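Shown next, in structure tokens, is the structure this report addresses.
Throughout, read-outs are computed from the coordinates displayed, never taken from laboratory work. Since the model is a prediction, treat every value here as computed from it, not as a measurement. Ideal geometry is used to build each Cβ from the backbone, glycine not excepted, and the neighbour counts take in all protein chains shown.
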Amino acid sequence: MKNFLTISLRIGGIIASVLIFGGFVWAEDSVSGLVETYFADGGVKTRAVYRDGMLEGPFERYSAQGVLEEVRTYRHDKLDGPARRYNPDGMITEEVHYAEGKLDGPHRQYGKDGVRTTEMVYERGVPVGPYRVFSPDKKEISQTHFEDGKKINLTGASSNKPIAAQAKSNSKSKPKLKPTPKPKPASKTRPRHK
């Protein structure tokens with residue numbers, strides 16, 4: 001059983017041999033520059049930029065047919081910036097944004113036809129605001145709302161009311177209390193003299 005693999009990488013125009021052993025990459029020096037990995041037929045498998053051995057900038061992954069499957073952005077070896085995935089036809093299937101390795105910003109998914117199917121927003125890795133689901137004809141069909149990563153209500157297209165109205169009618173409202181009437185001042189009566 002073979003426990004290691006030697007591959008050749010193109011690093012900024014220089015071909016370097018790297019030993020991959022047990023999932024770890026062993027190289028003589030810290031890598032800086034463009035690094036490409038290849039399929040057996042010579043097609044590009046991945047393309048990434050490194051600085052001092054850390055991912056820094058765009059990372060691209062391709063299928064064996066040469067179609068771009070994924071693009072991610074790194075800063076100091078952490079996901080930072082936009083990331084997208086594509087289907088074999090080259091249409092986007094998912095787009096997200098990262099900041100310092102955590103989801104941060106809009107997260108959208110798309111169907112085979114390129115129509116948005118879901119959407120939500122993250123702040124520092126925590127879902128916030130609405131998680132919306134869309135039908136193939138682009139209409140919002142359901143919505144779940146998040147606050148600080150916790151689901152706070154669930155609404156859907158189960159009634160004829162718009163989702164915003166459903167959210168209001170689904171929320172528990174406190175009964176309205178009538179103010180207590182002010183007591184009438186005691187009438188001052190004078191004793192009668194006979």
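Structural remarks
- Pairs over the 30 Å Cα-Cα cut-off, from the set Lys102/Lys138; Lys112/Lys151; Lys45/Lys151; Lys102/Lys151; Lys78/Lys151: Lys45/Lys151.
- Between Glu60 and Ala40, the simple spin-label model (points 7 angstrom out along Cα→Cβ) gives 2.5 nm.
- Qualifying GluC sites (Glu not before Pro) for the stretch 52-152 [loop in DSSP, other Cβ within 10 Å: at most 15]: Glu100
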